[in-house]
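Reading through the structure tokens given below for one structure.
The values are calculated or read from the model by the stated rules, or taken from the named source; none is laboratory data. Please read these numbers as outputs of a predicted model, since none were measured by experiment. FYI the Cβ positions are ideal-geometry reconstructions off the backbone, even for glycines, and counts take in every protein chain you see.
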């Protein structure tokens, strides 16, 4: 089978807004969601920079038996998913009567593991850990919890692919639906934003230390970049077959045209040009498109020296001289890690549906590779029919998605 796969709903909870309306405004204005975390200062972090996000209060929204298994990122994912389902015109009754799946990107759940270990060491009694700990601590915590809360009966597992997790979840869901194995799948990515989840990254000197003005610390593609800024939240897209969406009268926002992927097979943390090029070219081949048919590229670019350099080179190789508009929304949000590959599909869909390109803020001085690209440093009014979004992760996992606005 070769079903068309469409996007019928979106939801997001991030550092630049708690819903689609707030995020649309932030993207257009180039508003940063980055600040300083005092806890990281107190813990002796090299960098106290982070995306600032408010923990949601779900008491009164979800019963305690459903809240007890949700970790931080699960709370974000719940709210993003509820917004996406509402926008897709899927209610509780529909979920009860139809098979809906869930594939969500997540690659850590730090606090529950630390708290359980600390409690056992201190009290020497595992019975004190509590019944919710195991469900919060597993990498599959988001799909595990949401499948029960929403009573889902379709495909159900977590995609764990480092910073490409959210993108791969959409790509894998696309393949399931394209092959006729499912009609509707909830896809997305979630990322915890707590300090404990970021300690090892800080120890690797991966983070920017330009703390004088936090909003200017994340500067993808800029010559003066010195590291990423960690962030978090969750983003959900509802994807389904075109026939399913048409049959139930769902709003059709866009169509997934292509999914490209690859593994670098080299260094565990440094990307390779060859691997990134394969992912980009495979997405174009799957979509049956030429590079000149892409209107906008939402780059993975995290503001690391090597990562941005490799991606700029790969875009230059594949889009040779085309000057396709490029920006990285991570300049505003920070690096949303496991969430980013999904949130950037939502951000790009918002741009496409509102005919503008969000700026790559803090881009003032190109390096020798980014100078070859058409990086959009200020908000630009432009029609976007087809966009490409990259997501790359540790271990050399790469994902590229191509989506058409409908």
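Residues in segment 279-293 that are surrounded by fewer than 24 Cβ atoms within 10 Å (Cβ to Cβ) and touching a helix residue (DSSP H, G or I) at 6+ places or on another chain (Cβ under 9 Å): 281, 284, 287, 289, 290, 291, 293.
In segment 348-377, which residues are assigned to a helix (DSSP H, G or I), touching a residue at least 40 places away in the same chain (Cβ under 8 Å) and either out of contact with any strand residue (DSSP E or B) (no Cβ under 7 Å at 6 or more places or on another chain) or not assigned by TED's automatic domain parsing to the domain that holds residue 265 (or both)? Scanning segment 348-377 gives 350, 354, 370, 372. Residues that are touching a residue at least 60 places away in the same chain (Cβ under 8 Å) and not in a helix (DSSP H, G or I) within segment 131-159 comprise 131, 132, 150, listed in sequence order. Only one entry in 202, 224, 213 is free of Cβ contacts under 8 Å to residues at least 60 places away in the same chain and either surrounded by fewer than 20 Cβ atoms within 10 Å (Cβ to Cβ) or farther than 30 Å from residue 248 by Cβ (or both), namely 213.
Every condition in (1) surrounded by 20 or more Cβ atoms within 10 Å (Cβ to Cβ); (2) assigned to a loop (DSSP other than H, G, I, E, B) holds for residue 167 except the one numbered (2). Is segment 248-263 home to any residue that is over 21 Å from residue 346 (Cα atoms), free of Cβ contacts under 8 Å to residues at least 12 places away in the same chain and either in a loop (DSSP other than H, G, I, E, B) or in contact with a strand residue (DSSP E or B) (Cβ under 9 Å, 6 or more places away or on another chain) (or both)? Within segment 248-263, not a single residue is over 21 Å from residue 346 (Cα atoms), free of Cβ contacts under 8 Å to residues at least 12 places away in the same chain and either in a loop (DSSP other than H, G, I, E, B) or in contact with a strand residue (DSSP E or B) (Cβ under 9 Å, 6 or more places away or on another chain) (or both). Would you point out which residue out of 195, 190, 117 is touching a residue at least 40 places away in the same chain (Cβ under 8 Å) and more than 18 Å from the chain's Cα centre (by Cα)? Testing whether each residue is touching a residue at least 40 places away in the same chain (Cβ under 8 Å) and more than 18 Å from the chain's Cα centre (by Cα) leaves just 195.
When you go through 235, 301, 312, 245 one by one, which is the residue that is in a strand (DSSP E or B) and surrounded by 23 or more Cβ atoms within 10 Å (Cβ to Cβ)? Only one candidate qualifies: 235. Exactly one residue out of 298, 288 is modelled with pLDDT of 95 or more, under 16 Å from residue 382 (Cβ atoms) and not assigned by TED's automatic domain parsing to the domain that holds residue 206: that is 298.
What tally of residues in segment 228-247 results from selecting those that are closer than 19 Å to residue 182 by Cβ and touching a helix residue (DSSP H, G or I) at 6+ places or on another chain (Cβ under 8 Å)?
6
Taking strands (runs of 3 or more DSSP E) that do not extend beyond segment 1-72, which have at least 2 residues that are surrounded by fewer than 21 Cβ atoms within 10 Å (Cβ to Cβ), touching a strand residue (DSSP E or B) at 6+ places or on another chain (Cβ under 9 Å) and assigned by TED's automatic domain parsing to the domain that holds residue 215? Here the list reads 34-36. When 152, 175 are checked against the criterion of being surrounded by fewer than 24 Cβ atoms within 10 Å (Cβ to Cβ), closer than 19 Å to residue 90 by Cβ and in the same structural domain as residue 79 (by TED's automatic domain parsing), a single residue qualifies: 152.
Scanning for something over 25 Å from residue 206 (Cα atoms), touching a residue at least 24 places away in the same chain (Cβ under 8 Å), in contact with a strand residue (DSSP E or B) (Cβ under 8 Å, 6 or more places away or on another chain) and not in a strand (DSSP E or B), does segment 335-347 turn up at least one residue?
Yes; the residues of segment 335-347 include at least one that is over 25 Å from residue 206 (Cα atoms), touching a residue at least 24 places away in the same chain (Cβ under 8 Å), in contact with a strand residue (DSSP E or B) (Cβ under 8 Å, 6 or more places away or on another chain) and not in a strand (DSSP E or B).
Residues considered: 92, 83, 99, 72. Of these, the only one that is out of contact with any helix residue (DSSP H, G or I) (no Cβ under 8 Å at 6 or more places or on another chain) and touching a residue at least 60 places away in the same chain (Cβ under 8 Å) is 99. With the condition kept exactly as written, say whether any residue in segment 253-268 is over 25 Å from residue 361 (Cα atoms), assigned by TED's automatic domain parsing to the domain that holds residue 384 and out of contact with any helix residue (DSSP H, G or I) (no Cβ under 8 Å at 6 or more places or on another chain). Yes, some residue in segment 253-268 is over 25 Å from residue 361 (Cα atoms), assigned by TED's automatic domain parsing to the domain that holds residue 384 and out of contact with any helix residue (DSSP H, G or I) (no Cβ under 8 Å at 6 or more places or on another chain). Considering only residues in segment 378-406 that are touching a strand residue (DSSP E or B) at 6+ places or on another chain (Cβ under 8 Å) and over 24 Å from residue 279 (Cα atoms), the one that is surrounded by the fewest Cβ atoms within 10 Å (Cβ to Cβ) turns out to be 381.
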